[in-house]
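Reading through the structure tokens given below for one structure.
The values are calculated or read from the model by the stated rules, or taken from the named source; none is laboratory data. It should be emphasised that the depicted structure is a prediction, and the values quoted were computed from it without experimental measurement. FYI the Cβ positions are ideal-geometry reconstructions off the backbone, even for glycines, and counts take in every protein chain you see. For the accessible areas, the whole protein counts, side chains as well, though only heavy atoms, and no ligand, DNA or RNA atoms are used. Shrake-Rupley method; radii C 1.70, N 1.55, O 1.52, S 1.80 Å.
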Amino acid sequence: MEPDLDKAALVAALQRDYGLAASAVRFIPVGETAWCYQVTDEQGGRWFLKLGQPGAIELARAESALQLGRALAGLGLPVPRPQATRGGALWCWLGGLWLALFEFVDGERLSDQDLSAAALTERVAGLAAAIHGATGALAVPVPFTETFEVWTDGLRRCLAALEPGAGGADRLVAEARALVWPQRVALLGMQERVQALGDAARSQPRELVLCHGDLRGDNLLGDRSGRVWLVDWDGAALAPRERDLALFAGRGFEPFLAGYQRAAGRGVDVDADLLGFFLLRRNLDDLADWLGAVLDGDRPEPQRRADLDGVRRCLSRRPELEARIDRTRRLLAGRRRTS
């Protein structure tokens with residue numbers, strides 16, 4: 001939803017901090033942590049602008065994402081380059097919110113159906129391999145490192161708030177209770193399983209590479225020349241490569257992995273348990289986030305209704321995730337037997 005923003009103030013900030021004379025500013029309804037706009041300057045040039053939503057992401061993480069984006073673009077990778085302000089910073093302030101300006105990529109977000117096409121599978125696999133392979137060449141540190149921790153408090157707090165008798169007469173809380181409470185035992189069991197997988201992963205040495213953390217869907221853009229770009233580096237971390245590869249597990253993983261290995265120039269040993277850990281942990285984290293938002297009575301009801309739809313999606317995906325993990329486990333076991 002477009003914020004109630006004084007666009008004249010935004011245009012003034014672009015002129016003041018970037019020396020950019022904007023002739024048009026158009027809201028783009030994408031992104032969860034920032035409001036996004038397409039900016040057209042007086043010469044007809046186009047730019048992409050992000051304005052941080054209040055409380056959505058820490059400034060340190062946002063700044064790290066900008067630094068990573070600049071470093072990766074400098075290595076020639078298809079990552080939109082953040083533009084520096086007149087003072088050399090990668091962002092500026094607008095009314096207490098951070099603002100960042102990027103080169104514009106004339107492309108479309110890739111859907112899951114798009115990514116199933118053989119040519120795009122090869123390109124995205126090659127992009128993942130290139131990002132991972134760039135770890136040692138980065139000119140900036142990656143401040144976040146995977147610890148294999150599981151956020152248990154979020155789900156447990158939400159379940160406590162859903163106990164029968166809690167929540168008063170709030171209609172959306174009642175709907176969430178009817179949806180989630182009957183599955184609480186299974187959810188807590190899934191959480192224990194993910195904790196065990198994380199403990200096992202932590203106990204073994206792992207090669208850590210730069211991982212994007214959300215290498216799917218809205219974060220992949222296909223441009224008019226067929227090149228695939230990777231955007232939004234807020235969740236980047238040093239982690240096992242399985243953190244990114246897990247998002248492609250299941251049907252179609254075999255050609256993806258083959259393309260990844262061709263691009264990497266070597267065989268890669270993939271741990272099925274790690275793939276399962278990252279897939280299931282993400283589902284639990286998303287569920288706790290959506291559910292916590294539903295339980296927040298201070299949020300607008302239409303937004304809480306959309307959050308409840310997110311809870312439904314997380315719950316409905318559990319059987320599919322298990323099937324994807326099992327399918328990938330069998331594939332990897334078969335590859336090891338024939339290698």
Condition check for R81: among the basic types (K, R) and free of Cβ contacts under 8 Å to residues at least 40 places away in the same chain
yes
Return yes when L275 is among the hydrophobic types (A, V, I, L, M, F, W, C), closer than 28 Å to P82 by Cα and crowded, with 17+ Cβ neighbours inside 10 Å and no when it is not.
no
Of the numbered conditions (1) of a type in the set (A, V, I, L, M); (2) in contact with an Asp or Glu (Cβ under 7 Å, 6 or more places away or on another chain); (3) open to solvent by 40 Å² or more (accessible area, probe 1.4 Å), A237 satisfies every one except a single condition; which is it?
(3)
Restricting attention to the range 136-158, which residues are more than 14 Å from Q191 (Cβ to Cβ) and either more than 19 Å from the chain's Cα centre (by Cα) or of a type in the set (A, V, I, L, M) (or both)?
G136, A137, L138, A139, V140, P141, V142
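Among the listed residues V11, V39, identify the single one that is closer than 18 Å to D106 by Cβ, of a type in the set (A, V, I, L, M, F, W, C) and out of contact with any Pro (no Cβ under 7 Å at 6 or more places or on another chain). Write out each step before concluding.
Values: V11 fails: closer than 18 Å to D106 by Cβ.
Selected residue: V39, the only one of V11, V39 that is closer than 18 Å to D106 by Cβ, of a type in the set (A, V, I, L, M, F, W, C) and out of contact with any Pro (no Cβ under 7 Å at 6 or more places or on another chain).
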Among the listed residues G136, G165, G154, which satisfies the condition of being closer than 30 Å to L284 by Cβ and free of Cβ contacts under 8 Å to residues at least 24 places away in the same chain?
G165
List, please: which pairs have Cβ atoms under 7 Å, are six or more places apart or on different chains, and start with a residue in the range 173-194 that is touching a residue at least 60 places away in the same chain (Cβ under 8 Å) and end with one that is small (G, A, S)?
V173/G167
Leading residue by the ranking (nearest to the chain's Cα centre (by Cα)) among those in the range 191-214 that are over 30 Å from Q67 (Cα atoms) and not polar (S, T, N, Q)
V194
Counting only residues that are open to solvent by 40 Å² or more (accessible area, probe 1.4 Å) and under 30 Å from F253 (Cβ atoms), give me the strands (runs of 3 or more DSSP E) lying completely in the range 1-116 with at least 3 of them.
none
Give me the residue from the range 282-322 that is under 11 Å from V173 (Cα atoms) and outside any helix (DSSP H, G or I) and, out of that set, modelled with the highest pLDDT.
D296
Taking D170 as the residue in question, decide whether it is open to solvent by 40 Å² or more (accessible area, probe 1.4 Å) and within 24 Å of the chain's Cα centre (by Cα).
no
Given (1) open to solvent by 30 Å² or more (accessible area, probe 1.4 Å); (2) under 20 Å from T152 (Cα atoms); (3) of a type outside the set (F, W, Y), identify the lone condition not met by Q191.
(1)
Looking only at the range 288-312, which residues are within 20 Å of the chain's Cα centre (by Cα) and either surrounded by 19 or more Cβ atoms within 10 Å (Cβ to Cβ) or within 21 Å of R156 (Cβ to Cβ) (or both)?
A288, D289, W290, L291, G292, A293, D307, L308, G310, V311, R312
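Among the residues of the range 321-339, which ones are among the β-branched types (V, I, T) and out of contact with any helix residue (DSSP H, G or I) (no Cβ under 7 Å at 6 or more places or on another chain)? Talk me through it step by step, then tell me what you get.
Initially, the range 321-339 is screened for residues among the β-branched types (V, I, T), giving 325, 328, 338.
Passing the criteria: only T338.
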Scan the range 206-220 and give yes if some residue there is farther than 25 Å from L51 by Cα, surrounded by 14 or more Cβ atoms within 10 Å (Cβ to Cβ), touching a Pro at 6+ places or on another chain (Cβ under 8 Å) and of a type outside the set (A, V, I, L, M, F, W, C), otherwise no.
yes
(1) open to solvent by 60 Å² or more (accessible area, probe 1.4 Å); (2) charged (D, E, K, R); (3) touching a helix residue (DSSP H, G or I) at 6+ places or on another chain (Cβ under 8 Å); (4) under 24 Å from G69 (Cα atoms): which one isn't true of R262, the others all being true?
(4)
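If the requirement is being open to solvent by less than 50 Å² (accessible area, probe 1.4 Å) and of a type outside the set (S, T, N, Q), which of these qualifies: A196, A161?
Exactly one of A196, A161 is open to solvent by less than 50 Å² (accessible area, probe 1.4 Å) and of a type outside the set (S, T, N, Q), namely A161.
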